[in-house]
Amino acid sequence: MADFNYLEFFKEEIRNENAIIRINAVNKITLITSALGPTRTVNELLPYVIQVVQEEPLCNDEEFLFSMAKQYASLTEYINGRDELLVAPLEHLAAQEETVIRDEAIKSLCSVVEKRPSLVPEYVVPTLHRLATRADFFTARVSACALLPTAYRFASEDQKHGLRKAYTTLCSDDTPMVRRAAAHRMRDFVAYLDKADLLADIIQVYRQLSQEDTQDTIRVACVHTSLVIGRMFTAEENRQHTVSVIQDAAQDRSWRVRLTVAKNFDQLFEALSADVMADMMQAFIHLLKDNEQEVRKEAVRVIEACLNLPVPLTNKQLQDFILPQFQSLGLDSAQPVRAALAQVLGPVTKTLGRDITQRQLLSLISDLMKDEFHDVRLNIVSHAGLICEVLGVDGLVHSLLRTIQDLVVDNHWRIRQSVVEQVPKLAKLFGVEMFQSKLEALFLSSLRDSVHSVRQAAILHLKEIVETFGSQWTVEHLLPKLVEQYSQASGYANRVTTLHVLPQVSGVMTADQIVQFVVPLLIKATKDTVPNVKFCACRMIMWMMENHNLGSTSINSIIKPTLLELEHDSDIDVQYYAQRAAQLCP
């Protein structure tokens with residue numbers, strides 16, 4: 001292979017009529033550069049590639065140009081530090097008409113700059129000014145907008161004023177697409193500005209674009225920019241420059257702009273400080289009452305995020321501004337809005353405390369638990385434990401408990417599962433007597449649910465309940481009920497479920513209690529007529545022997561003979577698990 005000409009081979013490949021061969025050749029250009037070495041790559045390969053990109057027919061092959069734009073960034077490793085040679089060809093591609101080619105060229109150029117920031121003052125800044133002032137077609141100016149944040153970050157101090165001036169010119173460009181591109185890059189650009197430069201040169205442009213009449217995407221971009229500016233300014237500066245922009249955006253004629261404010265209200269709250277956002281609560285009420293259901297939904301959802309901030313919404317702000325809107329939101333015609341309200345009520349009740357929740361929210365919570373839309377019921381039920389902790393037993397028994405009991409047998413299995421997941425919290429809250437009288441029968445019925453996920457949730461959460469109520473309650477009260485549920489009259493799936501419960505409840509029992517109360521049920525299960533029950537019993541016996549010291553006497557006299565008998569069972573799975581369990585016997 002010593003006399004093989006790699007460069008000629010590459011030239012033939014990219015001149016091939018087959019597009020797939022051309023693209024594959026470009027995508028593997030680093031293999032050619034490795035073979036040629038840095039000197040030949042710089043002197044022969046790069047000039048050739050730069051030339052063919054600008055000549056017929058490849059200058060019109062968009063897929064080829066896109067691949068070249070992508071691969072230029074990878075050449076930095078193979079040209080011995082001559083990264084400046086890549087700037088001009090990437091500038092050419094950044095002015096192409098096709099968007100993906102321009103975007104990839106700018107991405108590659110930024111990648112090169114990140115590796116060699118020293119290129120910016122001498123090569124990248126002049127490139128940016130050329131792109132920003134090209135009048136023949138707007139695409140070059142769009143690319144200039146994308147390049148500006150990276151160029152400004154690494155530019156020399158005496159160049160930065162010119163870059164800020166170039167940016168303000170792009171923001172007032174006659175072409176809407178250029179103004180839009182400039183607005184979308186504004187938040188990245190201002191992040192690298194000093195506050196003094198921001199106030200002197202850019203803040204007026206920010207205010208101007210926030211009033212842009214023709215494109216709502218520009219006003220959306222200004223909302224995102226407000227997050228960055230808000231963190232840089234003092235409270236007084238925010239009141240002067242950013243608050244009015246956000247207030248106007250919250251009542252913008254375009255629902256997309258209002259939606260952006262609603263989605264980012266928690267970040268705005270954090271960025272602008274609690275003092276400034278006190279002035280914004282009226283705008284937030286407008287979002288909660290918005291004509292568009294998507295805006296109302298996001299405004300409701302963001303309440304929880306606002307409560308989790310380092311400096312959260314205050315109790316007073318909740319009561320004065322947000323709580324009065326809850327009754328109308330609870331009756332909202334849009335189901336997603338009611339579902340979002342149900343989702344945030346748990347954290348809201350925790351913040352407000354028992355008295356206000358009981359006075360102002362209890363009826364709303366009860367109504368949402370009975371909502372016709374299952375997602376609403378599901379969302380409120382997922383916070384049932386938290387809400388009940390806030391209300392306490394006295395405030396709960398006669399109001400919500402009956403509703404929770406009804407939801408355990410809801411038509412939708414996800415709601416039944418969610419209630420089951422809340423029962424351990426309720427058990428701690430209620431105590432033994434109330435749990436037994438109000439919830440126990442319904443919870444145990446979940447072990448016989450027709451949906452496996454509900455049964456599985458009941459199995460897993462029973463462990464928390466027995467840990468709450470202790471060993472004596474488990475042995476004297478719960479185990480007899482589980483044994484009663486294990487009935488030949490019920491379906492085999494229910495018997496398997498009962499067997500899966502036993503490891504969960506055995507955690508609070510002594511080894512003697514397990515031998516006395518649990519092992520007999522497992523031995524009985526090994527005599528079942530259904531193979532699934534028998535091998536499940538074998539697996540549970542294995543688990544008991546691995547996790548509890550059952551004693552050699554009980555194992556040899558009760559368990560081992562049963563397992564040896566099952567090793568000759570007609571079902572191969574039963575044989576397998578019986579043999580595995582028997583191996584654990586001493």
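Some values worked out for this structure:
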read-out: Percent carbon-and-sulfur accessible area, the chain, ignoring ligands, DNA and RNA, probe 1.4 Å; value: 48 percent
read-out: Size of electric dipole in the chain: Cβ of Lys, Arg +1 and of Asp, Glu -1, about Cα centre, debye, nearest 20; value: 1280 debye
read-out: Ordering of 296-303, 147-154 by packing [mean C-beta count within 10 Å, highest first]; value: 296-303, 147-154
read-out: Computed over the stretch 13-53, Kirkwood Rh from alpha-carbon pairs, angstrom; value: 10.7 Å
read-out: Label-point separation, residue 62 to residue 168 (7 Å along Cα→Cβ), nm; value: 3.7 nm
read-out: Highest to lowest packing among 85-96, 202-213, scored as the average C-beta count within 10 Å; value: 85-96, 202-213
read-out: Potential extension, residue 275-residue 27 segment - 0.36 nm per residue separation minus Cα distance; value: 83.8 nm
read-out: Inter-site label distance for residue 583 and residue 433 at 7 Å from Cα along Cβ, in nm; value: 5.3 nm
read-out: Farthest toward positive dipole pole in the chain [+1 Lys/Arg, -1 Asp/Glu at C-beta], among 475, 218, 556; value: 475
read-out: FRET efficiency, 1/(1 + (r/R0)^6) with R0 60 Å, evaluated for residue 207 and residue 510 via beta carbons; value: 0.20
read-out: Long pairs among 463/527; 160/195; 115/160; 527/560, criterion Cα-Cα beyond 22 Å; value: 463/527
read-out: Accessible surface, the stretch 439-568, averaged per residue in Å² (probe 1.4 Å); value: 43 Å²
read-out: For the stretch 256-297, accessible area per residue (1.4 Å probe, heavy atoms of protein chains only), Å²; value: 39 Å²
read-out: Residues of the stretch 18-145: accessible area per residue with a 1.4 Å probe, Å²; value: 44 Å²
read-out: Positive-end extreme of charge dipole, the chain - chosen from 154, 251, 303 (charges on Cβ); value: 303
read-out: Euclidean distance between Cα centres, the stretch 1-77 to the stretch 424-483, Å; value: 70 Å
read-out: ³J(HN,Hα) computed for each position of the stretch 234-251 - Karplus, 6.51 cos²θ - 1.76 cosθ + 1.60, integer Hz, glycine/proline x; value: 6, 4, 5, 5, 5, 4, 6, 10, 9, 4, 5, 5, 5, 4, 5, 5, 5, 10
read-out: Whole-angstrom gap from the stretch 559-577 to the stretch 192-267, using each part's C-alpha centre; value: 73 Å
read-out: Neighbour net charge for residue 203 - beta-carbon separation under 11 angstrom, K R +1, D E -1; value: -1
read-out: Under 12 Å, Cβ to Cβ, from residue 442 - net charge with Lys/Arg +1 and Asp/Glu -1; value: 0
read-out: Table column - 3J(HN,Hα) (Hz), the stretch 543-555, Karplus curve with 6.51, -1.76, 1.60, x for Gly and Pro; value: 4, 4, 5, 6, 10, 9, 8, 7, x, 5, 4, 5, 5
read-out: Too-long pairs where the Cα-Cα distance tops 28 Å, listed order kept, from 297/370; 28/107; 350/481; 481/534; value: 350/481
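The values are calculated or read from the model by the stated rules, or taken from the named source; none is laboratory data. On a predicted model such as this, the values are computed, not experimentally measured, just so you know. Cβ coordinates were reconstructed from backbone atoms using ideal geometry, including for glycine residues, and neighbour counts include every protein chain displayed. What goes into the accessible areas is simple: the full protein's heavy atoms, side chains included, and nothing from ligands, DNA or RNA. Shrake-Rupley method; radii C 1.70, N 1.55, O 1.52, S 1.80 Å.
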